[in-house]
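Undergrad: One structure coming up, written as structure tokens, with questions to follow.
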Amino acid sequence: MDRIALVGGIELKGSIPISGAKNSALKLQAASLLTQEPLVLTNMPELADTRFMIELLEQLGVTCFWPKGSGRLSMHAEDLTSTIAPYDLVRKMRATFNVLGPLLARVGHATVSLPGGCAIGARPVDLHLKAFEAMGADIVIEGGYVKAAALRGLKGAKIIFPFVSVGATEHALLAATLAKGETVLENAAREPEISDIANCLLAMGAKIEGIGSSTLRIQGVDELTGARWSVIPDRIEAGSYACCVAAAGGEVTLTNMVPETISSLIDVLQRAGVDVVVGEDWVKITRDPHKPIKSVDIDTQPYPGFPTDTQAQVMALMTRANGASIFRENIFENRYMHAPELRRLGADISVRGSEAVVRGVETLRGAPVMATDLRASVSLIIAGLMAEGETIISRVYHLDRGFERLEAKLSGCGANIRRISGSED
Ligand code: EPZ
């Protein structure tokens, strides 16, 4: 397993192009199952997770073509050869569960392994399954598998989600495009990735109203066509690099992004004393490293609230703030695994349930640390950029799941960061 070594205390200067959003790309990949024609995705991030989804699609009979370095993935699900997503593939990455709805909608049945819990929380899929049941599917859970059937096709339904779920909204949306009649999704999640998926589905011939709002209205169509779609830029990657610059100091322009998708993070950075200039598709982050970081409290919420996926990154920044910050994690029940690792660098963090208190310290010092999940791993990079001396992060496969060319992007701005292949891990 690879490790990453970085030496802190160096200002970052330059520009960082933002890649396509992993969490949109994965569901767009699942959308390829809805049509017999090719779906071509551009601005496709080359990540362990997106490669992994291709492995599953190929197993289902989808022909995938992804020339290395092209950022262009073509998926052609002309003839599906299987409707089974096995445990071995689903357990490695939860988003593979999202093939269930498209298979059910197009073929009328599917058998997909239950994804199970994961490090950040239990993450059940009950809302996904209730939505399909409301659309007329028979669902049986047997031997760790969800067996779903709607042999005469899915029917439109009114689905009121009891709380906001990104995954359930996306999954129901995908399936509803081919259901008979109208489906209404109420209390739907409004994350930009959902609008991206909905807009791609429109390009494929779906009929969807209310995109970007909490009520989505979908009129089912008999079939969808192929399309060419550019994946929305990754707001979490952009937010993570914004925190890197805020932490290390310097001046970096993040390019090829949608600034409004990180508005809540920009607000937090400005309150922390970081200068942010917003352009049409870029954001410039500037901080004098000698100027103190002001403490800011964080309350994670569904979009447009502050995202859980940048909680760890801001926590890393707040370890050096002038005063105490209170964090409330409202989305996942176990998302402070980075706290003990940050403490190894000298951070003062106490966690009680969903609340964490971070008291800023004068100095962080480099240490060996371990990545525990995707966003937690980038928080260790952020802390390492502020720390004196060398930080060595193990288990960077977590990072490789969601950050494309991270070392190259940061070293392009002057960071002293390198990958060590193989390890003692
Ligand atoms: C998506 O997860 C993202 N993953 C997560 O990003 C992100 O943190 C999360 O949305 C919130 O923004 C992908 O898009 C692949 P949810 P998802 O359904 O869809 C509970 C990353 O690092 N819930 O909105 O799983 C659930 O347990 C990842 O890129 C149910 O109880 O999130 C959680 O507490 C991590 N039953 C809450 O709802 C259900 O059926 C919100 O989860 C579904 C969810």
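Undergrad: I'd like the antiparallel share, as a percent to the nearest 5, of DSSP beta bridges with both residues in the chain.
TA: That works out to approximately 70 percent antiparallel.
Undergrad: Evaluate E = 1/(1 + (r/R0)^6) for residue 330 and residue 68, where r is the Cβ-Cβ distance and R0 equals 30 Å; express this FRET efficiency to the nearest 0.05.
TA: For residue 330 and residue 68, the calculated efficiency is 0.15.
Undergrad: Within 10 Å of each candidate Cβ there may be at most 14 other Cβ atoms; applying that plus a DSSP loop requirement, which trypsin sites (Lys or Arg not before Pro) in the stretch 63-144 survive? Don't skip to the end; give the middle numbers.
TA: On the way: sites: 68, 72, 91, 92, 94, 106, 130; in loops: 68, 72, 91, 92.
Those that pass, being in a loop and sparsely packed, are 68.
Undergrad: Still on this model: Averaged per residue, what accessible surface does the stretch 299-425 expose to a 1.4 Å probe, in Å²?
TA: Averaged over the residues of the stretch 299-425, the accessible area is 39 Å².
Undergrad: Give me the percent relative contact order of the stretch 233-394, please, defined on Cα pairs under 8 angstrom at least 6 residues apart. Before the final figure, lay out the partial values.
TA: On the way: 346 pairs, mean separation 32.4, N = 162.
It comes to 20 percent, rounded to a whole number.
Undergrad: Only bridges whose two residues both fall in the stretch 233-394 count here: according to DSSP, what percent of them are antiparallel, nearest 5?
TA: Expressed as a percentage, antiparallel bridges in the stretch 233-394 total about 70.
Undergrad: How large is the accessible surface per residue of the stretch 120-263, computed with a 1.4 Å probe and reported in Å² as a whole number?
TA: 38 Å²
Undergrad: Within the accessible area of the stretch 27-230, what % is carbon and sulfur when the probe is 1.4 Å and the other protein chains stay in place?
TA: That fraction is 49 percent.
Undergrad: Which one, 36, 54, 25, projects farthest toward the positive side of the charge dipole computed for the stretch 16-96 from Cβ point charges (K/R +1, D/E -1)?
TA: 25
Undergrad: For a Förster distance of 41 Å, can you work out the FRET efficiency between the beta-carbons of residue 277 and residue 223, rounded to the nearest 0.05?
TA: About 0.35, to the nearest 0.05.
Undergrad: Among 121, 232, 145, whose Cα lies farthest out toward the positive end of the dipole of the chain, if unit charges sit on the beta carbon of Lys, Arg (+1) and Asp, Glu (-1)?
TA: Ranked along the dipole, the leading option is 121.
Undergrad: Could I ask something else about it? Find the relative contact order for the chain and round it to a whole percent, using C-alpha pairs within less than 8 Å whose residues are 6+ positions apart.
TA: Relative CO of the chain lands at 22 percent.
Undergrad: Right, another one. Between residue 418 and residue 92, what is 0.36 nm times their sequence separation minus the Cα-Cα distance? Round to one decimal in nm.
TA: Length gained, residue 418 through residue 92: 114.7 nm.
Undergrad: Please give every one of the lysines within straight-line cross-link reach of residue 158, meaning a C-alpha to C-alpha distance under 25 Å, and leave out same-chain neighbours fewer than 8 residues apart.
TA: Straight-distance partners of residue 158: 27, 130, 147, 180, 207.
Undergrad: I need the peptides 231-238, 120-127, 32-39 ranked by packing, meaning the mean over residues of other C-beta atoms within 10 angstrom, with the highest value on top.
TA: By packing density, highest mean first, the sequence is 231-238, 32-39, 120-127.
Undergrad: Report, in debye and to the nearest 20, how large the dipole of the stretch 12-61 comes out about its Cα centre when Lys and Arg carry +1 and Asp and Glu carry -1 on their Cβ.
TA: 280 debye
Undergrad: Continuing with this model, one more query. With a Cα-only, solvent-free Debye model of the stretch 27-230, what are the log10 I(q)/I(0) values at q = 0.08, 0.16 Å⁻¹?
TA: Values returned for q = 0.08, 0.16 Å⁻¹ are -0.23, -1.01.
Undergrad: Additional query: Short version: what are the Cα gyration tensor semi-axes of the chain, square root of 5 times each eigenvalue, largest first, in whole Å?
TA: Values: eigenvalues 290, 89, 83 Å².
So the three semi-axes of the chain are 38, 21, 20 Å.
Undergrad: While we're on this one: Rounding to the nearest 20 debye, state how big the charge dipole of the chain is about its Cα centre with +1 on each Lys and Arg Cβ and -1 on each Asp and Glu Cβ.
TA: 300 debye
Undergrad: With all protein chains present, how much of the accessible area of the stretch 233-394 (probe radius 1.4 Å) comes from carbon and sulfur, to the nearest whole percent?
TA: Carbon with sulfur: 47 percent of the solvent-accessible area.
Undergrad: Grab the beta carbon distance between residue 365 and residue 186, set R0 = 51 Å, and tell me the FRET efficiency rounded to 0.05.
TA: 0.50
Undergrad: Assign unit charges at the C-beta atoms only (+1 for Lys and Arg, -1 for Asp and Glu), then state the dipole size of the stretch 233-394 relative to its Cα centre in Debye, rounded to the nearest 20.
TA: So the magnitude is around 480 debye.
Undergrad: Right, something else. Counting other Cβ atoms within 10 Å of each Cβ, which GluC sites (Glu not before Pro) in the stretch 309-407 have at most 15 and sit in a DSSP loop?
TA: Answer in residue order: 333, 362.
Undergrad: So which GluC sites (Glu not before Pro) in the stretch 1-92 end up in coil per DSSP with only 15 or fewer other C-beta atoms within 10 Å?
TA: 78
Undergrad: Something else now. Summing -39500 (n - 2.57) over the DSSP H runs of n ≥ 4 in the chain and dividing by its residue number, what mean residue ellipticity at 222 nm do you reach, to the nearest 500 deg cm²/dmol?
TA: Roughly -8500 deg cm²/dmol at 222 nm, from the helical runs in the chain.
Undergrad: Have a look at the DSSP beta bridges in the stretch 27-230 and tell me what percent are antiparallel, nearest 5.
TA: Antiparallel bridges: around 70 percent, rounded to the nearest 5.
Undergrad: Projected onto the charge dipole of the chain (+1 at Lys/Arg Cβ, -1 at Asp/Glu Cβ, origin at the Cα centre), which of 131, 353, 278 gives the Cα projection farthest towards the positive end?
TA: Highest projection toward the positive end goes to 353.
Undergrad: Something else: In Å, what Kirkwood hydrodynamic radius results for the stretch 233-394 from the alpha-carbon pair distances? Intermediate results must be reported in sequence, preceding the final value.
TA: On the way: mean 1/r = 0.0652 Å⁻¹.
Value: 15.3 Å, from the Cα pair sum.
The values are calculated or read from the model by the stated rules, or taken from the named source; none is laboratory data. These numbers were taken from a predicted model, which means no experiment stands behind them. Don't worry about glycine lacking a Cβ; one is built from the backbone with ideal geometry, like all the others, and counts go over all protein chains shown. SASA here: full protein model, heavy atoms, side chains in, ligands and nucleic acids out. Shrake-Rupley method; radii C 1.70, N 1.55, O 1.52, S 1.80 Å.
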